Amino acid sequence: MVRRLYSGVYWFTERYALYLPTIGLIWGLIWDTLTLRRPDSLFENAAVLLYLTLSAGMITLLNLRRSRGKEETPLMWLIVLQFAFGNLTSGLFILYAKSGTFAGALLFFVLLGALLLGNELFRDRYSRIHIHTVVWYVLLLAYCIISVPIVINMFGDTAYLISVGVSLLAAGVFLSILYVLARSSFHGRHLHVFGSILTVACLFSALYFAGALPPVPLMAREVGIYHFVERKKDGSYYAQFEQPAWYELFKNTAHVYTSGPGTPLYCFSAVFAPPNLDARIVHRWEYWDALSSKWVLASEIPFAITGGRDTGYRGYTKISGTEKDISNEWRCSVETERGSLIARSSVVLQEEINLPLLEEVIF
């Protein structure tokens, strides 16, 4: 029985060897999609650290084997490495996507596509130390940008620079270990590898200071433009809104906003921040100017948020009815003070004397 099972497994791995690393990567993506929720959770951090350690260990073993003159890569080792990379990529993609718009997480979508494409088209190169180590560092840096601000209870430029410093220090230690343990396969390449790592760090920094990186570890829990919002005495928020159409997926409020003349617009948001981490966010109200064909700033309203609440720190701002009548297209962007986008809601106004039946909700 055992012999027959072994023969079946051997036949399967031989027949589908080309696809097994990709299967390992995709399974890693699915696993983390189902398990990761918030960046300060002990489980999430333990899982990410485990996969970083596992992938670093597999890279070390692969290069130890190569340094001993064994060029053939064991298939199972590559599957394990791909599984770890898949978990890391998907987990970080999810956390970054929750910390901004999908476009803001595009960097990780591109990275994921590169991993899959590289696995299929450049398997020989993908198994080399240079590619492995640089991909590992990209994932390490992305994790440090999330985790270090939580550890030091700080958010902003200083926290980001500390995160990059921690990632470079960890990468330096890892490269030193590789140099000592697998010198024959690593000697002569270490400067090129470290140069690639510095390039990645500079690229991430350019994206961060340009406001293109999602503002992790902040995460949008709720954003919408409502007909009415009021803070109750018990600290909860009461809101009225139009039910979105059936095709408006993942939206809590309707894109077409039916309003009467002179009625205000309310923007309500809930932004999650880890415990002990305070930050300032901005509600940026803009209207569409048809003459200039661009969004025009109407007002910026900043306020502080306090971390620790799982459903996010709540707050709202409003545009008066007089201001609202300037244009029939409005949007409210929830941003950090430096302009990184956390979430956004937009509406197209439709003037009616009789308002539709409004839904009610308590936050």
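Using the per-residue mean of other Cβ atoms lying within 10 Å as a proxy for protection, in what order, highest first, do the peptides 238-245, 88-95, 299-306 fall?
Numbers: 238-245: 16.9, 88-95: 25.0, 299-306: 14.2.
So the peptides 238-245, 88-95, 299-306, ranked by packing, come out 88-95, 238-245, 299-306.
If you count, for each residue, the other Cβ atoms within 10 Å and average over each peptide, how do 227-237, 152-162 line up from highest to lowest? Don't skip to the answer; put the middle values down first.
Details: 227-237: 12.8, 152-162: 16.0.
By packing density, highest mean first, the sequence is 152-162, 227-237.
Where the accessible area of the stretch 195-250 is counted over protein heavy atoms with a 1.4 Å probe, how much of it, in %, is carbon and sulfur? Write out the running numbers ahead of the final one.
Working: 1790 of 2900 Å².
That fraction is 62 percent.
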Practice task
Report the label-to-label distance for Ile362 and Ser176 in nanometres (one decimal), using points 7 Å from each Cα along the Cα→Cβ vector.
Solution key: 5.8 nm
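Going by average Cβ density within 10 Å per residue, which order do the peptides 210-223, 259-272 take, highest to lowest?
Details: 210-223: 22.0, 259-272: 19.8.
Result, highest mean first: 210-223, 259-272.
The values are calculated or read from the model by the stated rules, or taken from the named source; none is laboratory data. No experiment lies behind these values; they were computed from the predicted model shown. Positions of Cβ are backbone-derived with ideal geometry, glycine not excepted, and every protein chain shown enters the neighbour counts. Surface areas here come from the heavy atoms of the whole protein model, side chains and all, with no ligands, DNA or RNA. Shrake-Rupley method; radii C 1.70, N 1.55, O 1.52, S 1.80 Å.
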